[in-house]
Amino acid sequence: MTALVEEWGDLAQARRRLQELQVDPRGVQIMAPKSVQRLVRLQGLSVRAANILKQEMLARGGEVALPRGASLLGGEWTEAVVMGTAGQFASLVDKLREQPVFGLPRLAEALQQALAGYDTCRWTWRLRDRTLTLGERTLVMGILNVTPDSFSDGGRYRDPLAAVEQARRMVAEGADIIDVGGESTRPGAVPVEEAEERARVLPVVERLARELDVPISVDTYKSGVAAAALDRGAHIVNDVWGLQRDPAMAGVVAKHRAGVVVMHNQPEPTYRSLMGEVAAFLRRSLELAQAAGSDPEQVVLDPGIGFGKTPEHNLELIRRLRELKSVGRPVLLGPSRKSFIGLALGGLPPQERLEGTAAAVAVGIVRGADVVRVHDVREMVRVVRVTDALVR
Ligand code: HH2
């Protein structure tokens, strides 16, 4: 007699394990949802809805954790963590949908969407006339900073010829996308006038779009630069303000049916609930994209490592990255050579952060990253391939 504690991560894996056990097909259908445990945090829930939720989940054998005040009908709004199996959640959602009081149908919708997003493992990313499949393997976005002052490679690719050469090298090394940026976003960088940013970025984008087969992304939060780059053949807008800084940006993306990376960003690293606030920001970015006429399949989410975050926030975001999939779209991670890595290594400079970047990329993939944005393409493609072989 032996006993082995097993880990069945998601429904697809549960089905496979049950089939391997030669459970009959009907049994697989019934048991797979019972074997997967989920925890869902709800914020902005009315106390009345919370109490109904608690009764309904207890009746199904699940649980709902509430702050003390909420169960005594203390305040009006509360937070809750709902606990149950995928099967219990499915039955709960069906029940809540039928009760047109206290916003329960909306709650059912939110629960269902979050669980479906979290459990999706294959996505389509629409970029103008192309589509990329995400989730089957991790894609690598190679960074091309045509700036004099980027924190780790400033000044190296300012000359358009050197930039094109570097892009070709990255593609030969396995990059799936090239991300061209003309303004450093590191803390303390000097803001760049739009005319200067255009002059840096556009000649490079134009040549790359013509000469390379991979999609070209433009790293800008200015709608004028994005529109001009799209006119010259770029496929993706990478906006480090998640469509929330320049009000014309969402319209530009929609008009060109471009892919868009919406990154979380804020001026100060202060949070009441880090994951909840980052997810809420990204949900708002996705809504802005849709309101302007984009398909949700154009959008990829990014937690914004190093932007308005302390080193501890960056570590927590990578550790809990998969939670962001509750928003309902795939996730890009950009840890490359960033300062939290230098700090974890006792203060090493950007050029000494290759192995640390590899660790962050590998764990990021294990935790749900679908695309990684990196400087060291040759090395990180190797890290990605091995991590994919281990976890996908
Ligand atoms: N990080 C940087 C710039 N753009 N875009 C996305 N989507 N995600 C990121 O994490 C991200 C980004 C900062 O890194 P880098 O481009 O290397 O430096 P700089 O801003 O100094 O040019």
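Annotations for the structure displayed:
- Square roots of five times the Cα gyration tensor eigenvalues for the stretch 256-352, Å: 27, 15, 11
- Overall Cα dimensions of the stretch 307-374 - principal axes, largest extent first, Å: 36, 20, 17
- Taking only the alpha carbons of the stretch 112-155, we obtain Rg and Dmax values of 16.4, 48 Å in that order.
- Straight-line cross-link partners of residue 34 among the aspartates and glutamates, defined as a Cα under 19 Å from its Cα and at least 8 positions apart when in the same chain: 6, 7, 10, 20, 24, 56, 63, 94, 119.
- Scaled against the 2.2 N^0.38 Å expected of a compact globular protein of N residues, the Cα radius of gyration of the chain reads 1.06.
- Distance from the alpha carbon centroid of the stretch 22-98 to that of the stretch 282-354 works out to 29 angstrom.
- Principal-axis tilt of helix 104-119 within the chain, Cα atoms, nearest 10 degrees: 60
- In Å², nearest 10: area of residue 149 left accessible to a 1.4 Å probe: 40
- With every protein chain in place, the stretch 1-107: carbon and sulfur % of accessible area (1.4 Å): 54
- Per residue, the stretch 203-362 exposes 37 Å² of solvent-accessible protein surface, assessed with a 1.4 angstrom probe and all protein chains in place.
- Among 230, 301, 132, the largest mean-square fluctuation in a Gaussian network model of the chain (Cα springs under 10 Å) belongs to 132.
- C-alpha long axis of helix 25-35 to longest principal axis of the chain, angle in °: 80
- Per residue, the Cα convex hull of the stretch 209-254 amounts to 61 Å³.
- Semi-axes of the equivalent ellipsoid of the stretch 36-119 are 19, 14, 12 Å, computed as sqrt(5λ) over the eigenvalues of the C-alpha gyration tensor in descending order.
- Among 316, 109, 193: highest mean-square fluctuation, GNM of the chain, C-alpha pairs under 10 Å: 193
- Across the stretch 260-269, coupling constants 3J(HN,Hα) worked out from phi with the 6.51/-1.76/1.60 Karplus curve, θ = phi - 60°, read 9, 9, 9, 9, 6, 7, 7, x, 10, x Hz, and Gly and Pro carry x.
- The chain: angle of helix 47-59 to the longest principal axis, Cα-based, in degrees nearest 10: 60
The values are calculated or read from the model by the stated rules, or taken from the named source; none is laboratory data. Just so it is clear, the model here is predicted, and its values are computed rather than measured. Surface areas here come from the heavy atoms of the whole protein model, side chains and all, with no ligands, DNA or RNA. Shrake-Rupley method; radii C 1.70, N 1.55, O 1.52, S 1.80 Å.
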